[in-house]
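Undergrad: Handing you a structure now.
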Amino acid sequence: MGLLEELAVRCEAAMEPDRDLETEIAVAVHGGEIVWKQANYTMEMYPARKYASADHAGGFGNAPVDTCTTSLDAAMSLIPDHWHTRLATEDRHSHSWRWELRGGYGINIGARAATPALALTAASLRARHALALSKGSDT
């Protein structure tokens, strides 16, 4: 089991948004390292991803970690290019949500979790894992 698959399993097991899980997902998907920043005028700390990229004009920089286990908008940003959401359903008996993603060549990947954002994040991580496997990586 690769790292992305392990993170997907953890999303499915989570009962609520998880900031530590979001931090691990940011590193696995976007690379870099996590640094903790202090919010202005407060003692509250928040994680930011430190990266060095040729695409980033400033070289080194910081970006807040996406709230993918909380926000559907942030979870949507994890869907791989050319994949589409297929289904979002609520199972009232098990109190869970299911998302399916459809990729090329009829590939469908799904996940079930306690919230829509957790389910979509898990499905997106599974789709990324499948793409990595198809390219010869075990991520």
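Undergrad: If Trp99 satisfies every condition in (1) at pLDDT 85 or above; (2) under 12 Å from Pro80 (Cβ atoms); (3) not charged (D, E, K, R) but one, which is the exception?
TA: Condition not satisfied by Trp99: (2).
Undergrad: Test Leu87 against the criterion of being modelled with pLDDT under 75 and not β-branched (Val, Ile, Thr), and give yes or no.
TA: Criteria met by Leu87.
Undergrad: Have a look at Asp81, Asp18, Asp66 and point out the one that is modelled with pLDDT of 70 or more, loosely packed, with under 12 Cβ neighbours inside 10 Å and acidic (Asp, Glu).
TA: Result of the check over Asp81, Asp18, Asp66: Asp81.
Undergrad: Specify the residue that is farthest from Leu125 (Cα to Cα); the eligible residues are those in the stretch 1-13 that are within 13 Å of the chain's Cα centre (by Cα) and touching a residue at least 40 places away in the same chain (Cβ under 8 Å).
TA: Glu12
Undergrad: Need pairs with beta-carbon distance below 7 Å; first residue in contact (Cβ under 8 Å) with a residue 24 or more places away in the chain and more than 15 Å from Ala117 (Cα to Cα) and within the stretch 77-93, second in a strand (DSSP E or B) and of a type in the set (D, E, K, R); sequence gap 6+ or separate chains.
TA: As it stands, the answer is Trp83/Arg102, since those pairs meet every condition given.
Undergrad: Turning to a different aspect of this structure: Within the stretch 115-135, how many residues turn out to be more than 17 Å from His30 (Cα to Cα) and surrounded by fewer than 19 Cβ atoms within 10 Å (Cβ to Cβ)?
TA: Qualifying residue count, the stretch 115-135: 4.
Undergrad: I would also like to ask the following. For the stretch 96-114, name all the residues that are buried (at least 16 other Cβ atoms within 10 Å of the Cβ) and either of a type in the set (S, T, N, Q) or in contact (Cβ under 8 Å) with a residue 24 or more places away in the chain (or both).
TA: Result: Ser96, Trp99, Leu101, Gly103, Ala111, Arg112, Ala113, Ala114.
Undergrad: Sort through Arg112, Arg49, Arg126 and tell me the only one that's basic (Lys, Arg), in contact with a Ser or Thr (Cβ under 9 Å, 6 or more places away or on another chain) and either modelled with pLDDT of 90 or more or part of a loop (DSSP other than H, G, I, E, B) (or both).
TA: Result of the check over Arg112, Arg49, Arg126: Arg112.
The values are calculated or read from the model by the stated rules, or taken from the named source; none is laboratory data. Fair warning: this is a prediction, and the values are worked out from it, not measured in the lab. Cβ atoms come from the backbone with ideal geometry, glycine included; neighbour counts cover every protein chain shown.
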